[in-house]
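Comments concern the structure below.
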Amino acid sequence: MNNINQRLQNVKKLQAKRWENEDHWDTLNDLLIKELGEILLIEPQNTSALINIGAIYSDMGENEKALMYLKNALALGSKDKNLFINLAIVMVYMEMHQEEYHEYLEEAEDKIEDPLTFKAYFDPNSQ
C-alpha cells in the first residue's frame, strides 16, 4: 500500500475519534487540516484528500473554504459518493437554492463511497 493511502486511512481514523473526544475537537481539526494539507502538497490532485479537507472545513463551519476544496475534487472528475453528499451538505449550510444541492443528492444515489473519504457532519436542526 502506498504511503498516501496509509496516511488517508489514518486521517479517517482520526476524524472518527473527533466525535469521541469533543474536548479536543479544535486540536484534532487542526491536526487533520495539517495532515491533509501535507498530502495535498505531495499530490495536489488527490481527490480523497480534497473531499476530506472539505468535510473538515464544513464541520468547522467554514463552508466557503469547504466548497472550494469540494468543487476542486469535482473538477478533477471524482465520482465519490461522499463528494456529492458533502457538496449538498455545504450548500444547505450556505442556504443555497434547493435545486442546486438536490442535483448533487440525486447524483450521489448511483455512486459508491470511497473507503478513504468521509461525510461532513450534517445537523438538519442547525438552520
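The values are calculated or read from the model by the stated rules, or taken from the named source; none is laboratory data. All figures in this text were calculated on a predicted structure; none of them were measured in a lab. Quick reminder, even Gly has a Cβ in these numbers, built from the backbone with ideal geometry, and neighbours come from all protein chains shown. Surface accessibility is based on the protein's heavy atoms, side chains included, excluding ligands, DNA and RNA. Shrake-Rupley method; radii C 1.70, N 1.55, O 1.52, S 1.80 Å.
Quick notes
- Global form of the stretch 51-104, assessed from the alpha-carbon gyration tensor, a/c cut-off 1.5: oblate
- Its Cα centre serving as origin, the stretch 44-83 has a Cβ charge dipole (Lys and Arg +1, Asp and Glu -1) of approximately 180 debye.
- Considering only alpha-carbon pairs that sit under 8 angstrom and 6 or more positions apart, the relative contact order computed for the chain is 24 percent.
- A crude spin-label estimate for the pair Asn2 and His24, with each label 7 Å from Cα along the Cβ direction, gives 3.0 nm.
- Per-atom-type breakdown for the chain gives carbon and sulfur 49% of the accessible area (1.4 Å probe, protein chains only).
- 3J(HN,Hα) along the stretch 50-64, derived from phi through the Karplus expression 6.51 cos²θ - 1.76 cosθ + 1.60 where θ = phi - 60°, amounts to 5, 5, 5, 5, x, 5, 5, 4, 4, 4, 7, x, 9, 5, 5 Hz, with x in place of Gly and Pro.
- Pairs of Lys residues in the chain that lie 8 or more places apart, or on two chains, and have C-alpha atoms under 21 angstrom apart add up to 27.
- Kirkwood hydrodynamic radius (C-alpha pairs) into Stokes-Einstein, the chain, 25 °C and 0.890 mPa s, D in µm²/s: 169 µm²/s
- Accessible area per residue for the stretch 42-127, computed on protein heavy atoms with a 1.4 Å probe, is 53 Å².
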